[in-house]
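Notes follow once the structure below has been shown.
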Amino acid sequence: MMKPIQPMDLNSYWFLSKLTMNPYREEVIACVRSQMELQENRYCHELMIKKGKAWETRLKLKKPGLVCFLDADTLLLTNAETSLFQSDPKKTQFLTYSLKTGDLTEIFSLPFPVSSAHYLGGTQLIVKAEVDENVGEDEANFPTGNTYKENVMVLEELPWCANGRGFISRHRNRLFVADWTTQQYQPITSSDFQCGGVAVCPDRHQVLFTGMTYKDKASQKEGLFLYDAVRQEVTTLIEEGVFRRIKEPCFLNDSLVFAATKGERYGKNEALDFYLLNPMTKQYRILKALDHPLGSSVVSDCRLNSGSAVKVVQDQLYFTMMDDAVISSGL
């Protein structure tokens, strides 16, 4: 039986994320290694490269971010730092890193921090970022010189469970397509759309994403959508309101996979089931019914389905559940 983990034990554990295979050289693998700095109450992050059987520490990272191979010897990164290059916290810098020379070169930047970034193929990126384009211009009507005015914010909509901490009125997680050749970026979703899970298929130049549209108060009714970068069109695969919650969208050959619940018994905390969807007919069926929440609820009892990990490898779907075991389900 595993012994309980004590706070001091965190100093001796390494946590791996962003495991990325090199499609051009099978013996090369990249990942991010993180470790708790207990005295500083933070994590330190490093880019690790595996060649053959040996692992090497290459770069320090501000946080785990985009890690993608552009060719056999070049990585596309965010959040990297060296003694000669320091990242700017007010924007997102996209960098190429040479495995041969160790050179780090900025190729593009966005004027805001992004919560996630994906390589779409060619010179295009898909990024998700919280933006404030909807923030109203009205201010609280306090007398001139009132000392409380600078500490007051006018809320134009109600906070809710997913954005209550650090809530800023009218902010949304929007999805953008960016091109580092033209140095331009364009929104894919509207200013009232809250984007959720995102999956990118560079071979198809398509993006699968979840989310919901709302004003004033969140509906908590999500939909499933497909963006085609060639046609520059968004197709609704599942209308908002059919499911209470949709997570972990994935591409699988000519089909799509997602996890969802209608929340008819326990609301948004109800266990999700996996579904298989035909994008041509928009018909879907249950692929795997789950008896336990996807991911782990150890963050708190009110955050079921958090910390989930889902990956499609050939015709197998791998995912984590409450007991922390990785389960494989044939598709």
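The values are calculated or read from the model by the stated rules, or taken from the named source; none is laboratory data. The structure displayed is predicted, hence computed values, not measured ones. Don't worry about glycine lacking a Cβ; one is built from the backbone with ideal geometry, like all the others, and counts go over all protein chains shown.
Pairing residues of the range 27-49 that are more than 13 Å from L77 (Cβ to Cβ) with residues that are polar (S, T, N, Q), at Cβ distances under 6 Å and at least 6 apart in sequence or on separate chains, gives V28/N22; L38/N11; Y43/S34; C44/Q35. Scanning the range 268-287 for residues that are under 23 Å from the mean Cα position of the chain (by Cα) and not acidic (D, E) turns up K268, N269, A271, L272, F274, Y275, L276, L277, P279.
In the range 169-189, what residues are surrounded by 14 or more Cβ atoms within 10 Å (Cβ to Cβ) and in a loop (DSSP other than H, G, I, E, B)?
If the condition is that a residue be surrounded by 14 or more Cβ atoms within 10 Å (Cβ to Cβ) and in a loop (DSSP other than H, G, I, E, B), then S169, R170, H171, W180, I188, T189 are the ones that fit.
Write out, first by first residue and then by second, each pair whose Cβ atoms fall under 6 Å of each other, whose residues are 6+ apart or on separate chains, and whose first residue, in the range 228-244, is at positive phi while the second is surrounded by 14 or more Cβ atoms within 10 Å (Cβ to Cβ). Sorted first by the residue in the range 228-244, then by its partner, the pairs are G241/K221. In summary, Q86 fulfils each of the numbered conditions (1) part of a strand (DSSP E or B); (2) without any contact (Cβ under 8 Å) to a residue 40 or more places away in the chain with the single exception of condition (1). Entry remark, the range 57-69: residues being of a type outside the set (G, A, S) and in contact (Cβ under 8 Å) with a residue 40 or more places away in the chain number 7 in total.
A count restricted to the range 35-57 and to residues that are buried (at least 18 other Cβ atoms within 10 Å of the Cβ) and either aromatic (F, W, Y) or at pLDDT 85 or above (or both) stands at 4.
Specify which of the listed residues (F209, F193) is at pLDDT below 95 and either within 19 Å of H171 (Cα to Cα) or surrounded by 22 or more Cβ atoms within 10 Å (Cβ to Cβ) (or both).
On inspection, the qualifying residue turns out to be F193.
Is it the case that some residue within the range 21-35 is over 24 Å from the mean Cα position of the chain (by Cα), assigned to a strand (DSSP E or B) and of a type in the set (F, W, Y)? Within the range 21-35, none of the residues are over 24 Å from the mean Cα position of the chain (by Cα), assigned to a strand (DSSP E or B) and of a type in the set (F, W, Y).
For the range 293-331, give me each residue that is at pLDDT 70 or above and either loosely packed, with under 12 Cβ neighbours inside 10 Å or among the aliphatic types (A, V, I, L, M) (or both). Across the range 293-331, the qualifying residues are L294, A309, V310, V312, V313, Q314, D315, L317, M321. Those strands (runs of 3 or more DSSP E) of the range 91-132 in which at least 2 residues are free of Cβ contacts under 8 Å to residues at least 40 places away in the same chain and surrounded by 15 or more Cβ atoms within 10 Å (Cβ to Cβ), considering only elements entirely within it, cover 92-98. Scanning the range 259-292 for residues that are in a strand (DSSP E or B), charged (D, E, K, R) and either within 19 Å of V198 (Cα to Cα) or at pLDDT 90 or above (or both) gives D273, R285.
Note on the range 233-258: residues that are modelled with pLDDT of 95 or more and outside any strand (DSSP E or B) amount to 0.
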